[in-house]
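Below is one structure, written out as structure tokens; the observations come after it.
The values are calculated or read from the model by the stated rules, or taken from the named source; none is laboratory data. It should be emphasised that the depicted structure is a prediction, and the values quoted were computed from it without experimental measurement. Every residue, glycine as well, gets a Cβ built from its backbone with ideal geometry; the counts of neighbours run over all protein chains shown.
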Amino acid sequence: MTEPSTPLMRQYTAIKREHPTALLFFRLGDFYELFFDDAVLASKELQITLTSRNKEKGIAVPMCGVPYHAAEGYISKLIRKGFKVAICDQMESPKLAKKLVRREVTRVVTPGTAADSSLSSEENNFLAALARVEDRVGFAALDLSTGEFRATEFSGEDAARRIQEELAQLRPREVLYGSSAPLFDQQRRGNSRPQPNDGLAGCAETPLDDW
């Protein structure tokens, strides 16, 4: 991401830093706009036009947008594909703003927390959390749409493998884990993306501060 050259882009960049793993829907008038890498990715996944701004200043910023009144449909498509979306709204009327319109993220939607009816399917929509303490590994999973809850724990040398098997059967949409010790780092051997045999393929991963 290039250094922002306008107050608006500096505002965008500051908000984006707070939500680095989510696609940021940034409200500008009647549209939600996406910029930089978010725009490139969203335009491809949503099959919408990719354009740019600030061309006249010699620093073209990739951008794309969707009408705010139709945004939920686009957000649902991204959630189904496993992406996280942060919705940044205008917190005051542009007509009343003295300078730059104040904007804040009002909602973050993730595959594991989406409970909108448009995302319903015959399959569960589990949000799982993993934890590891010495040779003990456990996880808990909740489907927010149905209230179904599951939890289990294993210990010993094969604990990680058994958890992988459980996750492969459960197929959660999103997994939370402590950022200092990702559970399957050793098994992935340097691969940054979920592998088909680790139980996390096809789901969003959300690292959190250790609890």
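Data for the structure
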| item | result |
| --- | --- |
| Condition met for Leu78 (touching a helix residue (DSSP H, G or I) at 6+ places or on another chain (Cβ under 9 Å), assigned by TED's automatic domain parsing to the domain that holds Glu33 and assigned to a loop (DSSP other than H, G, I, E, B)) | no |
| Failed condition for Ser52, given (1) more than 19 Å from the chain's Cα centre (by Cα); (2) in a loop (DSSP other than H, G, I, E, B) | (2) |
